[in-house]
1. Glu95 - would you say it is without any contact (Cβ under 8 Å) to a residue 60 or more places away in the chain, surrounded by 17 or more Cβ atoms within 10 Å (Cβ to Cβ) and farther than 20 Å from Gly214 by Cα?
2. Take the conditions surrounded by 13 or more Cβ atoms within 10 Å (Cβ to Cβ) and of a type outside the set (A, V, I, L, M) and apply them to Ser179. Does it pass?
3. Between a residue in segment 23-48 that is surrounded by fewer than 17 Cβ atoms within 10 Å (Cβ to Cβ) and any residue that is assigned to a helix (DSSP H, G or I), which pairs come within a Cβ distance under 6 Å, given they are 6 or more apart or on different chains?
4. Give the residue, chosen from Leu38, Leu102, that is of a type in the set (A, V, I, L, M, F, W, C) and touching a Leu at 6+ places or on another chain (Cβ under 9 Å).
5. Go through segment 113-156 and report how many residues are free of Cβ contacts under 8 Å to residues at least 24 places away in the same chain and hydrophobic (A, V, I, L, M, F, W, C).
6. Filter segment 115-146 down to the residues that are surrounded by 17 or more Cβ atoms within 10 Å (Cβ to Cβ) and touching a Lys or Arg at 6+ places or on another chain (Cβ under 6 Å) and list them by number.
Amino acid sequence: MPVDASHFSMVGFPVEMTEAGLSRASQSYLAGCTPTTLDAADVVCLVRDPSGGELRLGMRKGASGQADLMTMNPGFTGQGRAQVEIASDVSDPAERPFEITLTAHFAGEQTPLAFDLADPADAAKLQPGAKVTIDIAAFTFAPHIYSDEAAFYREQATAGSRLQSAANYFIPSGLFFKSAGGEMPDGAARPVGYADFAGKVLKSELRTNRSGSGRFWWALVQTYDGATIDVVLDPNTVHGDLKPGVVMAGRYWLSARLAPAP
């Protein structure tokens with residue numbers, strides 16, 4: 001994994017992942033972002049690029065009236081669509097209202113998933129029991145690309161795997177502890193917004209983020225239950241021909257939003 005790859009670079013915002021680098025980036029992007037009020041003290045400021053890449057900066061007003069940076073998160077607006085039923089809000093109270101993590105299950109299925117909200121302002125519309133269509137953006141450091149489904153299955157056979165995974169598998173790894181092969185820290189009380197999945201690439205494009213000046217790959221991937229997910233990648237992590245028809249698999253951080261009405 002290249003040392004400069006990050007969730008930010010996966011949507012074309014090359015941010016130096018140091019305290020000084022994050023501070024410089026936040027000051028630069030705050031100058032041109034669009035604010036949304038969450039409550040009396042908290043504001044989220046959005047940078048939205050035509051490429052689909054987004055950056056949200058969470059600000060909190062102190063007693064003196066000065067606003068302090070609390071969070072800075074990348075996001076992506078794309079074409080992904082998944083029908084889910086919200087199960088619960090598992091957010092850490094200390095990180096609200098900027099960081100919202102929800103659990104859900106695919107509509108008509110019992111397969112669960114956990115994801116972080118790209119836009120915390122969506123939280124009021126995503127109460128337990130709500131049946132909604134969401135746009136999931138999936139960020140990964142280590143994509144595995146196969147020329148087709150046959151190549152995907154052939155590699156499993158060559159590796160001597162006793163269990164064969166389907167070419168559209170979906171595993172909610174954010175709901176399992178790391179000691180069991182998942183992404184949730186051992187002993188943690190709350191799931192994290194991660195999943196392992198595979199699917200067929202329907203569309204792909206190398207895009208340029210004009211606001212952030214970086215390039216990134218976008219791929220629309222069809223996976224479990226027919227859901228489509230926007231996968232975004234740092235070009236330095238893509239090894240293989242990322243074109244329609246290939247199968248992509250990996251572990252992903254999931255950032256989701258309410259999809260616009262059709």
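The values are calculated or read from the model by the stated rules, or taken from the named source; none is laboratory data. Fair warning: this is a prediction, and the values are worked out from it, not measured in the lab. Don't worry about glycine lacking a Cβ; one is built from the backbone with ideal geometry, like all the others, and counts go over all protein chains shown.
1. Criteria not met by Glu95.
2. It is false that Ser179 is surrounded by 13 or more Cβ atoms within 10 Å (Cβ to Cβ) and of a type outside the set (A, V, I, L, M).
3. Thr36/Ala121
4. So the residue among Leu38, Leu102 that is of a type in the set (A, V, I, L, M, F, W, C) and touching a Leu at 6+ places or on another chain (Cβ under 9 Å) is Leu102.
5. Counting residues in segment 113-156 that are free of Cβ contacts under 8 Å to residues at least 24 places away in the same chain and hydrophobic (A, V, I, L, M, F, W, C) gives 2.
6. Ala118, Asp119, Asp135
Residue-wise test of (1) farther than 30 Å from Asn209 by Cα; (2) β-branched (Val, Ile, Thr); (3) not in a helix (DSSP H, G or I).
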{"position": "Gln27", "(1), (2), (3)": "no, no, no"}
{"position": "Asp39", "(1), (2), (3)": "yes, no, yes"}
{"position": "Val44", "(1), (2), (3)": "no, yes, yes"}
{"position": "Arg56", "(1), (2), (3)": "no, no, yes"}
{"position": "Gln79", "(1), (2), (3)": "no, no, yes"}
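Residues are listed down the side, and each one gets a yes or a no for (1) outside any loop (DSSP other than H, G, I, E, B); (2) surrounded by fewer than 18 Cβ atoms within 10 Å (Cβ to Cβ); (3) over 14 Å from the mean Cα position of the chain (by Cα):
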site: Arg60; (1), (2), (3): yes, yes, yes
site: Met70; (1), (2), (3): yes, yes, yes
site: Ala82; (1), (2), (3): yes, no, no
site: Glu85; (1), (2), (3): yes, yes, yes
site: Ser88; (1), (2), (3): yes, yes, yes
site: Glu99; (1), (2), (3): no, yes, no
site: Gln110; (1), (2), (3): no, yes, yes
site: Leu113; (1), (2), (3): yes, no, no
